[in-house]
1. If a residue must be out of contact with any helix residue (DSSP H, G or I) (no Cβ under 7 Å at 6 or more places or on another chain), over 16 Å from residue 282 (Cβ atoms) and outside any loop (DSSP other than H, G, I, E, B), how many such residues does region 120-160 contain?
2. Suppose we filter 184, 141 for residues that are farther than 30 Å from residue 329 by Cα and surrounded by 23 or more Cβ atoms within 10 Å (Cβ to Cβ); which single one remains?
3. Since residue 306 meets every condition but one in (1) assigned to a helix (DSSP H, G or I); (2) modelled with pLDDT under 95; (3) out of contact with any strand residue (DSSP E or B) (no Cβ under 8 Å at 6 or more places or on another chain), which condition does it not meet?
4. Considering only region 374-389, how many residues are part of a loop (DSSP other than H, G, I, E, B) and either modelled with pLDDT under 95 or more than 23 Å from residue 255 (Cβ to Cβ) (or both)?
5. Can you spot a residue in region 167-175 that is under 19 Å from residue 279 (Cα atoms), surrounded by fewer than 21 Cβ atoms within 10 Å (Cβ to Cβ) and more than 19 Å from the chain's Cα centre (by Cα)?
6. Given the condition crowded, with 23+ Cβ neighbours inside 10 Å, in contact with a helix residue (DSSP H, G or I) (Cβ under 7 Å, 6 or more places away or on another chain) and under 23 Å from residue 28 (Cα atoms), answer yes or no: does some residue in region 391-410 qualify?
7. Where the second residue is part of a loop (DSSP other than H, G, I, E, B) and the first is within 16 Å of residue 216 (Cβ to Cβ) and lies in region 173-184, which pairs have Cβ atoms under 7 Å and are six or more apart or on separate chains?
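The values are calculated or read from the model by the stated rules, or taken from the named source; none is laboratory data. Small disclaimer: the values here were computed from a predicted structure and weren't measured. Cβ placement follows ideal geometry from the backbone for every residue including glycine, while neighbour counts extend to all protein chains displayed.
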């Protein structure tokens, strides 16, 4: 009888064990730094929301390798000097399994020595051609520059200038004295020279600059036909306002003004943007309706509404989400967290993402460029919808994505 009861108790115990929920698997930790404060925080906050959406989507489908994904991140304060310490901590203290980022050229360049030393894979987010300095086989870019690297940031700008009649002849280049802007200006010099333009003004300014009136007056005194500017968000506002107040009217005006990718800044500046030609990496257009992107942006906007950040998210959110997609597809494709295997896979496979299909070259850049140049046209004050539907920013270049024609010269678009 006792033997029978022992068997019953054992069977009941087994049933209880079988019905208990399994202990959660150890999470796969994905580490990165992100600008939550400082000059590019508006963009960093968008990217963090995008990565949160990606993490939630992955976990809803069972995680990676049967394990949940956990994001481990720290605020780099938009300051490159903070970045090496953050990535050292992520690797050596937090023991993260995978890395992303950082976001932005300045921060990504600062992280690279630590990443290289530890032989880790990373996907730099919207960083400009930093691997040309390192030639590191485990660096991959989430920036659609393609094989031409730094020249892609201004190629379309000067290609459009060449098409105008009569062709403009002289160029002014203004850039912040920091990694991204210097890199963009380098490409502008190359493209200007290749197209036969004469550079008559070429200056940089320290990033803390707030008064751009003297600089804009100096450009005006040089009387260039074209003004190309490479600037960060706070600088963008100061430069555009100073140009408007002083009455700077070159035949063509624009460049890589990162602030003009941010909807609240577009709203703030309003009609004085008319005529400016800028580089964009992702825009609202039928030619950019890649699978899944509309759903990601819709969910982002639902969250962003209460966060005091960009309400639309076009310029940054798709790239944050896509960086996670590439990483996830590499992990699932290799069934591994081994960084050597991940890098080999990423160099040899195509990735399906919300920013379109991506393939990587030997330098970790996209094999096909997808940057575009748009122009602000007929912008009205206090109208968010005009930026949501893209009608006031037609794509001018390249031809395969074109949705409108350029208004030239700049003064004609300002009327």
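1. 5
2. Just a single option satisfies the conditions, and that option is 184.
3. (1)
4. Qualifying residue count, region 374-389: 6.
5. no
6. No.
7. Qualifying pairs under 7 Å: 176/207; 176/232.
Residue by residue, here is whether (1) touching a helix residue (DSSP H, G or I) at 6+ places or on another chain (Cβ under 6 Å); (2) crowded, with 20+ Cβ neighbours inside 10 Å; (3) under 26 Å from residue 230 (Cβ atoms); (4) touching a residue at least 24 places away in the same chain (Cβ under 8 Å) holds:
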site: 40; (1), (2), (3), (4): no, yes, yes, yes
site: 44; (1), (2), (3), (4): no, yes, yes, yes
site: 74; (1), (2), (3), (4): yes, no, no, yes
site: 84; (1), (2), (3), (4): yes, no, yes, yes
site: 94; (1), (2), (3), (4): no, no, no, yes
site: 97; (1), (2), (3), (4): no, yes, no, yes
